[in-house]
Amino acid sequence: MTKKILIDTDPGIDDALAIVFAAHHPELELLGLTCVFGNVPVSLATDNALRLVELLGQDIPVCRGAAKPLSMQPHPHPDFVHGKNGFGEIDSPSPTRTALDVSAAQFIVEQVRAAPGEVWLAPIGPLTNIALALEMAPDIAEKAAGVVLMGGAALEPGNVSPVAEANIWNDPHAAEQVFAATWPVSMIGLDATHKTTLDQTFFDQLAAQAPKQGGFLNDIHQFYLDFYASRYGGERKCAAHDALAVVAVVAEQLLQFQDCAIAVSCEGIAIGQTLVAPAGAYNHDPFWAGRTVHRVAMNVDADAVLKLLLGTLKQAN
Ligand code: RIB
Ligand code: CA
């Protein structure tokens, strides 16, 4: 049974792996890539998405989206994580293809309305485009199959502050709108992605089995592996943040979820923190009454995920 997936992205090194995986998985129909600021400015995110589509040699629509958060000043782009060009300072040809003349939010609304109950939204960057689409067309909350997002942290410490994960921190107001809506959200956060790490052995195998596409992914991940080594005590292992969100769409059995309501701190020193309220737990504060119960990924069969990634990318060239 093929699933329709629409990826909202800020490519971005780990975004690239997620997108190549989605494009090759036989049970996924990749409807398009909508681009958002985050790892890089949205103009570069859009160009990088077009570069990936050309690398894939597939006719995947690309749309440009939000250049800044809904209602706060944007943070500087983390070029120390993804490189100034978003692809680990690895040069690649300028894209010859162009983005559709449709905004990301409009494209999201059109795709969801065209196939009610079938389209999985997989945001792997800040949630601004998703929130804008909701504002434009609240009915998509009932018409989308669901939202499977990379972002947040339940019990795991944050990666941009003690409590905040980057995608949420980059637009907490948008994230709060997404979690407050009535659609089913699966939060693939640091609790699971920090347990799903990739090392040079993985990328050597990927490059050997797919010299062009795998080789590119290996090349751009070197910068990312070096960043992780510098930040997390020397081991050259990086988290497969975004790829795990796409895996969760097509192989959710590899993750363990907890049913929780989710809210986002939108001010103060905890801004960007995702607060989770396990379903059924007593909450005296009326804020939580009636909030949609979503799913939070708390554990993962990481070995199986890596096997699935490599197995799927055998289709790559
Ligand atoms: O915190 C990790 C997330 O932030 C990933 O989506 C990565 O690409 C960055 O956008
Ligand atoms: Ca991303």
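Read the figures in this text as sums done on the coordinates, not as results from a lab. Remember, it's a predicted structure, so these values are computed and weren't measured experimentally. Methodologically, a virtual Cβ is constructed for each residue, glycine included, from the backbone with ideal geometry; neighbour enumeration extends over all protein chains shown.
Sort the chain into rounded, prolate or oblate with this rule: let a ≥ b ≥ c be the square roots of the eigenvalues of the Cα gyration tensor; rounded if a/c is under 1.5, and if a/c is not under 1.5, prolate when a/b is larger than b/c, oblate otherwise. Kindly include the intermediate steps, with their values, before the conclusion.
Details: a/c = 1.43, a/b = 1.25, b/c = 1.14.
Rounded shape, in that the Cα axes give a/c under 1.5.
The per residue volume of the convex hull around the alpha-carbon atoms of segment 185-259 is 103 Å³. For the pair segment 49-92 / segment 176-209, the C-alpha centres are spaced 17 Å from each other. Using a Debye calculation, one point per C-alpha and no hydration shell, please list log10 I(q)/I(0) for segment 116-247 at q = 0.14, 0.16 Å⁻¹ in order. Log10 I(q)/I(0), no solvent term: -0.71, -0.87. In segment 288-314, whose amide N lies under 13 Å from the spot 7 Å out along Cα-to-Cβ of Gln256? List them in ranges. In segment 288-314, the label zone of Gln256 (backbone N under 13 Å from the point 7 Å along Cα→Cβ) covers 297-302.
What do you get for the angle between helix 241-250 and the principal long axis of the chain? Use alpha-carbon atoms, 0 to 90 degrees, nearest ten. It is inclined by approximately 80 degrees. Treating only the Cα positions of segment 105-172 as identical point scatterers, give the base-10 log of I(q)/I(0) from the Debye formula at each q in 0.18, 0.26, 0.28 Å⁻¹. Rounded to two decimals, the profile gives -0.68, -1.05, -1.15. Given R0 = 35 Å, the distance between the Cβ atoms of His284 and Ser71 translates into a calculated FRET efficiency of 0.75.
Which one, Val81, Ala174, Thr96, is farthest towards the positive end of the dipole of the chain when Lys and Arg carry +1 and Asp and Glu -1 on their Cβ? So the residue we want is Thr96. On the principal axes of its alpha-carbon atoms, segment 24-81 has extents of 39, 24, 18 Å, going from largest to smallest.
Over the chain, what is the relative contact order in whole percent, taking alpha-carbon pairs under 8 Å and six or more residues apart? Numbers along the way, then the final one.
Details: 737 pairs, mean separation 62.1, N = 317.
Across the chain, relative contact order equals 20 percent.
Helix 13-24 and the long axis of the chain differ in direction by around 80°, with both axes built from C-alpha atoms.
Applying 1/(1 + (r/R0)^6) with r as the Cβ-Cβ distance of Asp303 and Ile90 and R0 = 22 angstrom yields a FRET efficiency of 0.20.
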